[in-house]
Each structure stands twice: as C-alpha cells, then as structure tokens.
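Below is one structure, written out as structure tokens; the observations come after it.
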Amino acid sequence: MNKSKTYKQVFLFFEVMTVIKKLRLKGFKSFASPTDLEFGNNFNCIIGANGAGKSNIMDGLVFVLGELSAKSIRAEKSSNLIYNGGKTGSPLKEAEVSIVFDNEKREFPFDADEIKLSRFVRQTGQSIYKINDEKRTRQQVLELAKSAKIDPAGHNIIGPGDIISLIEMKSEERRKIIEEAAGITVYEDR
C-alpha cells in the first residue's frame, strides 16, 4: 500500500469531520440551571477541578446521541440523570441535553446550516428525542448521527476510563483503534 496515499486519505477524513458548535445541559446530573458550552472549529479542551462536572459533560454527549445504558453514563437508572437538588436545591422533573452541529458542509442529510439533536429524560425514565426541535425516535437520531459518521459506541468519543485502557494496551491494539477512528481500516482491508 502506498503510504502517501494513506496519509492523504486520513487528511481528507479529518477535513470533513463534523463540528460541534454548542452543547446545552439543563437539569442533567450536576447542571441544574441551563449551561451552554460553545465550541470552536479547532481543538477544544474542557478543564476544571475534580467534581466540577467535566465527566458529566462527556456523559451528556453520549446521552443525547442515544446511549441506553444508564450505567455507562455513571448512573443506576435513567431518572438518576436528573438533577437531584444537591444539598440545598430542589430536585428537577426532567433533564435535557442538546447538541448543535455545524452542517454548512452538509454532513447531515438536511438542508440546514445547523442540526440540533435533543434528548429529554423524565422521572419515569422515559426519553424524548428531537431533531431540530421536532419529536423523533431514538432510531432516527442514531441514523442521522450515523450519516455524519458519528457513533456514540465507537471511537468518536473517548470517556474518562477509556483513556487509561488506551494507554495501557499493546501498541498493535492501540494502532488498530486509531486506524478505525480515522476510518482507514476499509483501505487496509482492500
């Protein structure tokens, strides 16, 4: 295989990667009041002290993208994702996470410059999904994400525990994961 061709293909993959513009958390875990995180087109980093909510932001990302397992979002059950009032506040009745993607390059099959995915969870554990503020099914959200090469269970999102296992794994395993995330395994198979 021609290595320069491989690198060119990897570069093209990253050139068309979907960009997150904004993430909104409201009543989700430690985020009682609406919290908006604005992202830029380049490298973004979230830093803060222990217990500040960094991991809850990552949990919010996989939650809005359709994760069903509450345990994988570090909760016993879905209703535990809703802000519980802490020591002094009142518990909320629902949680909401929304993510806004840049769609100017039409990575998503919508004729709109932005795509907004939202997910709400109620005390009963029931989830409601929306695409651009219109109620949709979880399957429709998953299919839309897949159309833009986003897989919440894949290597698009690396959670806190995954970093340690990535560091500790053998170099051959780590290379395979990086190749899969970059989308070049299909070229190796050919």
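Only the coordinates and a few stated rules stand behind these numbers; no lab work does. In this text the structure is predicted, and so the values were computed from the model without any measurement. With ideal geometry, Cβ positions are generated from the backbone for all residues, glycine too; neighbour counts draw on all protein chains shown.
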Counting only residues 5 or more apart in sequence or on a different chain, those whose built amide H sits under 5 Å from that of Ile82 are Lys29
Could the peptides 78-88, 96-106, 53-63 be put in order, highest first, of the mean number of other beta-carbon atoms found within 10 Å of their residues? 53-63, 96-106, 78-88
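Assign one of three labels to region 44-175, namely rounded, prolate or oblate, based on the Cα gyration tensor with a ≥ b ≥ c the square roots of its eigenvalues; rounded applies when a/c is under 1.5, prolate when it is not and a/b is larger than b/c, and oblate otherwise.
On the way: a/c = 1.75, a/b = 1.02, b/c = 1.72.
Cα axes put region 44-175 in the oblate bin.
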Any idea how many Lys pairs in region 54-109 come in under 29 angstrom at the alpha carbon, given 8 or more places apart or on separate chains? 8
In whole Å, how far is the Cα centre of region 109-132 from that of region 29-50? 19
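Does region 44-90 come out rounded, prolate or oblate by the C-alpha gyration tensor, with a ≥ b ≥ c the root eigenvalues, rounded set by a/c under 1.5 and, if not, prolate when a/b is larger than b/c and oblate if not? Walk me through the intermediate numbers first.
On the way: a/c = 2.16, a/b = 1.01, b/c = 2.14.
It is oblate, given that a/c is not under 1.5 and a/b is not larger than b/c.
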Ala32's amide H: which non-local residues (gap 5+, or another chain) put their own amide H closer than 5 Å, with H modeled 1.01 Å from N in plane and none for Pro or chain starts? Gly27
Spelling out what I want: for every residue of region 49-66, take phi, set θ = phi - 60°, compute 6.51 cos²θ - 1.76 cosθ + 1.60 (Karplus), and round to whole Hz; glycine and proline get x. 5, 4, x, 7, x, 4, 5, 5, 5, 5, 4, x, 4, 6, 4, 5, 8, x
Length gained, Asp133-Ser165, 0.36 nm per residue minus C-alpha separation, equals 7.8 nm
